[in-house]
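Here the structure comes first, spelled out in structure tokens, and everything after it is commentary.
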Amino acid sequence: MNDPKTLQQAIQYFSDDENCRNFMISARWLDGIVRCPRCGSEKVAWLAKAKLYFCSVKHPKQKFSLKVGTVLEDSPIGLDKWFPAMWLLSNCKNGASSYELSRDLGVTQKTAWFMLHRIRAAMKNNSLRKLGSTGGPVEVDEVFVGGNLKKMHADRRLKLKNAMGRDHKTAVVGMLDRDAREVRTKVIPNVKRETLQSEILRQVQGAGTVYTDGYVSYENLNAQAFIHETVNHVDEYVRGQVHTQGIENFWSLLKRGLKGTYVAVEPFHLDAYLDEQVFRYNNRATRDNPLNDADRFMLAVSQIVGKRLTYAELTGKVGETTF
């Protein structure tokens with residue numbers, strides 16, 4: 001059987017341990033040669049009974065699995081469950097609930113929740129390329145994400161007010177490069193002028209074109225060497241090519257997933273959910289880039305190497321692990 005093209009084929013294909021092993025090898029090493037993740041040596045042997053590799057070079061921990069050096073490291077969950085989970089999260093437009101995934105895979109909800117966050121860590125976009133570098137315009141907009149206080153339990157409402165003050169929602173800034181059809185987002189502490197304009201300076205190519213709404217924090221952006229045009233939503237939403245409809249469409253997709261699938265997302269984890277939605281949006285099928293479900297899945301798998309997320313990091317008990 002060739003590489004799977006549908007979820008049904010993926011489940012069937014990855015139910016075989018040998019298929020999982022060969023697929024992981026091809027995803028990690030393009031030349032198909034397994035190398036020790038600790039010393040880089042090619043002198044490794046496959047121990048079939050233990051389902052581990054053994055490195056002939058003398059060093060601590062000579063035995064290793066294919067998960068070592070990836071975001072899946074130290075996970076007792078088999079690849080036969082990891083790959084279908086990655087397929088689902090890469091392609092379900094509104095995301096995948098940990099409760100639903102726990103029933104589908106036969107794991108606990110806590111395990112499924114941890115698995116999903118590890119996959120989101122792999123999906124994170126670490127590109128250093130500035131938006132607008134091809135000369136096209138960049139749409140910028142901000143949004144507040146959070147629950148409705150009126151619909152919350154009194155204890156929850158009081159907790160949020162004490163922790164975050166009157167404004168209990170989390171601010172997020174988003175930017176859309178129209179030519180590259182690429183979105184970037186970031187959780188920000190506030191929507192003051194210094195905060196928003198510093199993010200634009202960091203992410204957008206100098207002398208580029210920036211479209212925003214009429215929010216006061218975007219005023220005087222011209223002084224920062226940008227071609228800046230605005231639309232006042234009191235009077236208009238579109239003026240020729242000047243609008244922010246593209247990034248607002250992304251906000252609509254994001255909120256659909258947060259409200260319909262995830263329901264309650266803590267501000268501490270919001271960046272991870274943004275990474276997930278950005279990954280699917282930036283790798284959606286278009287006329288110029290006709291990606292399919294298998295392509296998105298392969299891209300997600302290709303990004304698992306060199307990343308790590310432990311449960312202690314996820315729950316805020318320790319700092320991030322670096323390789």
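The values are calculated or read from the model by the stated rules, or taken from the named source; none is laboratory data. All figures in this text were calculated on a predicted structure; none of them were measured in a lab. Note that each Cβ is placed from the backbone with ideal geometry, even for glycine, and that neighbours are counted across all protein chains shown.
Within segment 91-116, the set of residues being outside any loop (DSSP other than H, G, I, E, B), under 20 Å from the mean Cα position of the chain (by Cα) and of a type in the set (D, E, K, R) comprises Glu100, Lys110. Working carefully through the options Ser252, Ser217, find the one that is free of Cβ contacts under 8 Å to residues at least 12 places away in the same chain and under 23 Å from Phe144 (Cβ atoms). Ser252 is the lone residue from the list that is free of Cβ contacts under 8 Å to residues at least 12 places away in the same chain and under 23 Å from Phe144 (Cβ atoms). Go through (1) assigned to a helix (DSSP H, G or I); (2) among the hydroxyl-bearing types (Ser, Thr, Tyr); (3) touching a Gly at 6+ places or on another chain (Cβ under 6 Å) for Thr185 and report which single condition fails. Single failed check for Thr185: (1). Got at least one residue in segment 258-269 being within 21 Å of Leu128 (Cβ to Cβ) and of a type in the set (A, V, I, L, M)? Checked against the condition, which is being within 21 Å of Leu128 (Cβ to Cβ) and of a type in the set (A, V, I, L, M), segment 258-269 yields no hits at all. The requirement of being surrounded by 19 or more Cβ atoms within 10 Å (Cβ to Cβ), assigned to a loop (DSSP other than H, G, I, E, B), among the polar types (S, T, N, Q) and at pLDDT 90 or above is fulfilled somewhere in segment 227-244, by at least one residue. Within segment 194-226, track down each residue that is assigned to a loop (DSSP other than H, G, I, E, B) and either under 25 Å from Asn125 (Cα atoms) or modelled with pLDDT of 95 or more (or both). Once the filter is applied, which keeps residues that are assigned to a loop (DSSP other than H, G, I, E, B) and either under 25 Å from Asn125 (Cα atoms) or modelled with pLDDT of 95 or more (or both), segment 194-226 yields Gln205, Gly206, Ala207, Gly208, Phe226. Please indicate, with yes or no, whether at least one residue in segment 263-275 is free of Cβ contacts under 8 Å to residues at least 40 places away in the same chain and not in a helix (DSSP H, G or I). Looking through segment 263-275, at least one residue is free of Cβ contacts under 8 Å to residues at least 40 places away in the same chain and not in a helix (DSSP H, G or I). Within segment 99-121, identify whether any single residue is surrounded by fewer than 16 Cβ atoms within 10 Å (Cβ to Cβ), more than 27 Å from Tyr13 (Cβ to Cβ) and touching a Ser or Thr at 6+ places or on another chain (Cβ under 9 Å), and answer yes or no. Yes, some residue in segment 99-121 is surrounded by fewer than 16 Cβ atoms within 10 Å (Cβ to Cβ), more than 27 Å from Tyr13 (Cβ to Cβ) and touching a Ser or Thr at 6+ places or on another chain (Cβ under 9 Å). Of the residues making up segment 1-33, those that are touching a Lys or Arg at 6+ places or on another chain (Cβ under 8 Å), more than 13 Å from Leu79 (Cα to Cα) and touching a residue at least 12 places away in the same chain (Cβ under 8 Å) number 0.
Take Arg21 and decide whether it is modelled with pLDDT of 95 or more, part of a helix (DSSP H, G or I), in contact with a Leu (Cβ under 8 Å, 6 or more places away or on another chain) and farther than 23 Å from His269 by Cα. Considered against the rule, which asks whether it is modelled with pLDDT of 95 or more, part of a helix (DSSP H, G or I), in contact with a Leu (Cβ under 8 Å, 6 or more places away or on another chain) and farther than 23 Å from His269 by Cα, Arg21 comes out as yes. Of the listed requirements (1) closer than 17 Å to Glu139 by Cα; (2) in contact with a strand residue (DSSP E or B) (Cβ under 7 Å, 6 or more places away or on another chain); (3) not in a loop (DSSP other than H, G, I, E, B), Val191 misses just one: (3).
Filtering segment 117-128 for residues that are out of contact with any Cys (no Cβ under 8 Å at 6 or more places or on another chain), touching a residue at least 60 places away in the same chain (Cβ under 8 Å), closer than 21 Å to Leu314 by Cβ and not in a helix (DSSP H, G or I) leaves a non-empty set. For segment 174-188, the set of residues classified as in contact with a strand residue (DSSP E or B) (Cβ under 6 Å, 6 or more places away or on another chain), of a type outside the set (D, E, K, R) and under 12 Å from Val138 (Cα atoms) consists of Gly174, Met175, Leu176, Val183, listed by residue number.
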